[in-house]
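Student: Attaching a single structure in structure tokens format; questions to follow.
Quick note: the coordinates plus some simple rules give every number you see, no bench work behind them. Remember, it's a predicted structure, so these values are computed and weren't measured experimentally. Cβ placement follows ideal geometry from the backbone for every residue including glycine, while neighbour counts extend to all protein chains displayed.
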């Protein structure tokens, strides 16, 4: 009796230690978020002591490493937005089309083979897409439009669009598969074609998920780095011509980090300020996506 | 009139079928073109010399050995850190925590948010926290810790899904035999959830293997002509080496970049194959 008691206590002690360890593990994710916000804010606040916030958001000149130094983030912002919009022009129709095909048209065995193939696209590292953009898409664009520059926004956008097709497709398709078959059968019984079922029933029913997928795809494109670092160029110019060489926020961060930046210099702080802006934009977009899903959730 | 209506609707359907089929085909064709481009330019340059040589200024002598070693070191450490942390967190969230408490909700929201943070931002965190603050310098350790934070949310979410799928009757059956909660978890819940956990974790680790941006921020070098001998050594990894070669103007370097891409993709494919084999093996055992 006594020994049983003892061993029970031993187990209880062990159990409670394990719970505490797991609790610490779980808290690391909270600490990660706090650390991201603190480190970004810390350097960004110092940055804005030296650079006026008005110049940062209104000036159209970005030359932080050249004299005279200019810290207008607008060229980076327009570059980033151009890439994000461009890649969404590719990824949204293609991804949504694939989702509709897979959930409404494809026979089961076709679906089973095509889906994993599309998912391979999502597993290929972004560096490979960058290589593809530079060595395949850009020369192709050049033969069609000779004024295309070696590094340009269009080529990077197309490659990035291809990369995020599977993301749009799988998020939308998951939602479409969740639409109860009874609703489809009812529509077919009324004489609807597959196209009518897809566009008048399935798509409207899954609109919130599709919207969220679009926002997430856009956010992903804003934060993507290696494709733009390789293929979009390093010229922070205020332009909306997709055939020009540009620079994005992420492209700038990589470019400046390839040199040896010393802690405490204005260049070092600039990278953190740009990172803080990037973090803020993607954070707002991810929250928006979540809000869209929660707000317009279809319950069956 | 009526017939007309039906035939026009049928035509519309056929056209729409063509459009969505084309959209699906676009992705597949893009994948084929991408693979062809890589193999066309790189396959000729890929041989044992390439794998066993150090990088060089001369493309015909350049190899990928130091990047390969750096990748293996970095990913090895990342696995060591991220699996216990990620799976442990998932166990805590699914098995121990009170699901209705505000802290749990905050944790869950936080994890899904972290999954959406751009990888380059993790690089900035790694630079400020591991490289500067903790003074680990531009080492393999700093890189591995950064990648650990990057892929942890993915591992947590995948493991949570796997643990959720364990039938409650199994847990109760085990507890009814008088064993402790932790013994139930290690003896019943984890073995059942293992295929799902492994698949998710291997996908997350393949993602880490292909990441370049956060490691560039942490300060992995573009040119390393020695093999790392410990976690505090400076390093480069395959994706950064490929990036370095891709950004050079000479055509030969583009070719060895694509040879490097082939090596990277073979590694990623083998990782995924291992995931599939493990999953099948454990699934059979459960059945």
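Student: Take the Cα coordinates of the range A:2-50, assign each an equal point scatterer, and use the Debye formula without solvent to give log10 I(q)/I(0) at q = 0.15, 0.17 Å⁻¹.
Tutor: Calculated log10 I(q)/I(0) at the listed q: -0.60, -0.66.
Student: Averaging over every viewing direction, what projected area does the convex hull of the Cα atoms of the range A:240-289 cover, in nm²? Don't jump to the answer; show the numbers that get you there.
Tutor: Numbers: hull surface 19.4 nm².
Mean projected area for the range A:240-289: 4.9 nm², to one decimal.
Student: Cβ neighbours within 10 Å, averaged per peptide: list A:175-185, B:193-203, B:148-158 in order, most packed at the top.
Tutor: B:148-158, B:193-203, A:175-185
Student: Same structure again: In peptide B:11-21, how many Cβ atoms from other protein chains are near each Cβ within 10 Å, on average?
Tutor: Across the residues of B:11-21, the mean count of other-chain Cβ atoms within 10 Å is 6.
Student: How high is the FRET efficiency between residue B:72 and residue B:48 when r is their beta carbon distance and R₀ equals 22 Å, given to the nearest 0.05?
Tutor: Plugging the Cβ-Cβ distance into 1/(1 + (r/R0)^6) gives 0.80.
Student: Give the order of A:24, A:19 when sorted by the count of other beta carbons within 10 angstrom, beginning with the fewest. Kindly include the intermediate steps, with their values, before the conclusion.
Tutor: On the way: A:24 14, A:19 17.
Ascending number of Cβ neighbours within 10 Å: A:24, A:19.
Student: Let me check against my output: what whole-number percent is the relative contact order of chain A, with C-alpha pairs under 8 Å and at least 6 apart?
Tutor: For chain A, the relative contact order is 25 percent.
Student: Would you calculate the separation in nanometres between label points at residue A:48 and residue B:28, each defined as 7 Å from the Cα along the Cα-to-beta-carbon direction?
Tutor: Roughly 5.1 nm, to one decimal.
Student: Mind checking the mean number of beta-carbon atoms from other chains within 10 Å of the Cβ atoms in B:234-243?
Tutor: The shielding value for this peptide is 3.
Student: State, to one decimal in nm, how far the label point of residue B:164 lies from the label point of residue A:12, with both points 7 Å from Cα in the Cβ direction.
Tutor: 3.4 nm
Student: Here's another thing I want to ask about it. Return the ratio Rg/(2.2 N^0.38 Å) for the protein assembly as shown, where Rg is computed over Cα atoms only. Provide the component values of the computation, followed by the final result.
Tutor: On the way: Rg = 25.5 Å, N = 587, 2.2 N^0.38 = 24.8 Å.
Expressed relative to 2.2 N^0.38 Å, the Cα Rg reads 1.03.
Student: Distance from a point 7 Å along Cα→Cβ of residue A:89 to each backbone N in the range A:228-242: keep the residues under 11 Å and list them by number.
Tutor: Of the residues in the range A:228-242, A:241-242 have backbone N under 11 Å from the label point off residue A:89.
Student: Please give the average number of partner chain Cβ atoms lying within 10 Å of the Cβ of each residue in B:124-132, rounded to a whole number.
Tutor: Numbers: counts 13, 10, 2, 8, 11, 5, 0, 1, 3.
Mean number of neighbouring Cβ atoms from other chains: 6.
Student: Hey, another quick one. How far apart, in nm, are the 7 Å Cα→Cβ label points at residue B:101 and residue B:276?
Tutor: That separation, rounded to one decimal, is 4.2 nm.
Student: So, in Å, what gap is there between the alpha-carbon centers of the range B:186-236 and the range A:103-133?
Tutor: 23 Å
Student: Between the range A:160-212 and the range B:152-185, what is the separation of their alpha carbon centroids in Å?
Tutor: Distance between centres, Cα-based: 34 Å.
Student: A further question on this structure: Classify chain B as rounded, prolate or oblate, taking a ≥ b ≥ c as the square roots of the eigenvalues of its Cα gyration tensor: rounded when a/c is under 1.5, otherwise prolate if a/b is larger than b/c and oblate if not.
Tutor: Oblate, since a/c reaches 1.5 and b/c is not below a/b.
Student: Right, something else. Relative contact order (percent) for the range B:187-287, with alpha-carbon contacts under 8 angstrom and 6 or more residues of separation?
Tutor: Values: 68 pairs, mean separation 37.0, N = 101.
Answer for the range B:187-287 is 37 percent.
Student: Okay, next question. Can you give the extra length, in nm with one decimal, that the chain gains between residue A:122 and residue A:147 once fully stretched, where that is 0.36 nm per residue apart less the Cα-Cα distance? Walk me through the intermediate numbers first.
Tutor: Details: separation 25, 0.36 × 25 = 9.00 nm, distance 3.13 nm.
So the extension gain works out to 5.9 nm.
Student: Sort A:65-73, B:240-248, A:10-18, B:24-32 for me by packing, meaning the mean count of neighbouring Cβ atoms within 10 Å per residue, highest on top.
Tutor: Values: A:65-73: 14.9, B:240-248: 23.7, A:10-18: 12.8, B:24-32: 18.0.
Ranked by mean Cβ neighbours within 10 Å, highest first: B:240-248, B:24-32, A:65-73, A:10-18.
Student: So, one more: How long are the semi-axes of the equivalent ellipsoid of the range B:38-115, defined as square roots of 5 times the Cα gyration tensor eigenvalues? Whole Å, largest first.
Tutor: 46, 14, 10
Student: What is the range B:50-286's relative contact order, in percent, from Cα pairs under 8 angstrom and six or more apart in sequence?
Tutor: Values: 323 pairs, mean separation 65.5, N = 237.
With pairs under 8 Å counted, the relative contact order is 28 percent.
Student: As a check on your grasp of the helix formula, calculate [θ] at 222 nm for the protein assembly as shown: sum -39500 (n - 2.57) over DSSP H runs of n ≥ 4, divide by the residue count, round to the nearest 500.
Tutor: -23500 deg cm²/dmol
Student: Let me ask something else. For the pair residue A:265 and residue A:21, what calculated FRET efficiency results from E = 1/(1 + (r/R0)^6), where r is the Cβ-Cβ distance and R0 = 45 Å, to the nearest 0.05? Mind showing how you got there, number by number?
Tutor: Details: r = 41 Å, r/R0 = 0.91.
The calculated FRET efficiency here is 0.65.
Student: Same structure, new question: May I ask for the Kirkwood hydrodynamic radius of chain A, worked out over all distinct Cα pairs and given in angstroms to one decimal? Write out the running numbers ahead of the final one.
Tutor: Values: mean 1/r = 0.0447 Å⁻¹.
Final number for the Kirkwood radius of chain A is 22.3 Å.
Student: Per residue, how much space in cubic angstrom lies within the convex hull of the C-alpha atoms of the range A:186-242?
Tutor: 138 Å³
Student: I need the Kirkwood Rh of the range B:2-44: take the reciprocal of the average 1/r across all distinct C-alpha pairs and report it in angstrom.
Tutor: Roughly 12.8 Å, rounded to one decimal.
Student: Does a label point 7 Å from the Cα of residue A:287, set along Cα-to-beta-carbon, have any residues of the range B:96-116 with amide nitrogen under 15 Å, and which are they?
Tutor: From the range B:96-116, the list is B:106, B:109-114, B:116.
Student: Now, a different point. Kindly rank A:148-159, A:194-205, B:171-182 from highest to lowest mean number of other beta carbons found within 10 Å of each residue.
Tutor: Working: A:148-159: 25.2, A:194-205: 18.3, B:171-182: 13.8.
Per-residue mean Cβ counts within 10 Å order the peptides as A:148-159, A:194-205, B:171-182.
Student: Going 7 Å from the Cα of residue A:31 along its beta-carbon direction, which residues of the range B:139-163 have the amide nitrogen within less than 13 Å of the resulting point?
Tutor: Residues passing the 13 Å test: B:149.
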